[in-house]
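Everything on this sheet refers to the single structure shown next.
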Amino acid sequence: PSAPGKVVTPISSHPRFLSEGGGPVIDEGVIDALTTLGGGQEFLVDVVEAFRNDARRLFEPLRSAINEQDLRAFKELTHSLKSGGANLGAVRFCQTITALKDITTRDLQLNGNAYLEKLVSEFLKLEAAFDRLLKEPARV
C-alpha cells in the first residue's frame, strides 16, 4: 500500500510503454534469446512465420467482433495477438494492444475500426521489421 496522499504513477505511463513514442518495433534481446533457445536462425524463422500466420487469421474475426460490438470476443482476440507478439518481442504491437485493455462496448462501437486500423498498421511495421531481421546473417 502506498502512503496516504502519495500519488502512484502507473507503469504503463512510463515512456517505455507508450505506443506513440516511437521506440523499437522489436526487442532484439528477445529475438537473440529465441535464436539461442532454438539452436539457430531456422527456429526463429519458423516461430516468426507461425506468429504471422496466426495473427493474419485473427484480423477477420477481430473485424467481426467490432461490427457485432462483441467486446468479449474483441478482448480475447487482442489478448491472443498480444501473447503471440510478446513471445517475439513485438514491443510496439503489444503496446498498442495494451492501450486497448480498458475499452468499453461504447468505445468499441465508436472507435473499433480506428483501433483495428492502428493494430494492422503496427502489424505491418512489425512484419517489415521481421523481414529485415530475418535477412540478416545468422544471429547465433
Segment Val30-Ala73, length gained on full extension (0.36 nm per residue, minus Cα span): 12.6 nm
15 Å Cα-Cα reach of Lys135 towards aspartates and glutamates, excluding residues that sit fewer than 8 places from it in its own chain: Glu28, Asp32, Glu42, Asp46, Glu49, Glu127
Solvent exposure ordering (accessible area, 1.4 Å, most first) of Glu49, Glu68, Glu122, Glu76: Glu68, Glu76, Glu49, Glu122
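The values are calculated or read from the model by the stated rules, or taken from the named source; none is laboratory data. Because the structure is predicted, anything quoted here is derived from the model rather than measured. With ligands, DNA and RNA removed, areas are computed over all heavy atoms of the protein, side chains included. Shrake-Rupley method; radii C 1.70, N 1.55, O 1.52, S 1.80 Å.
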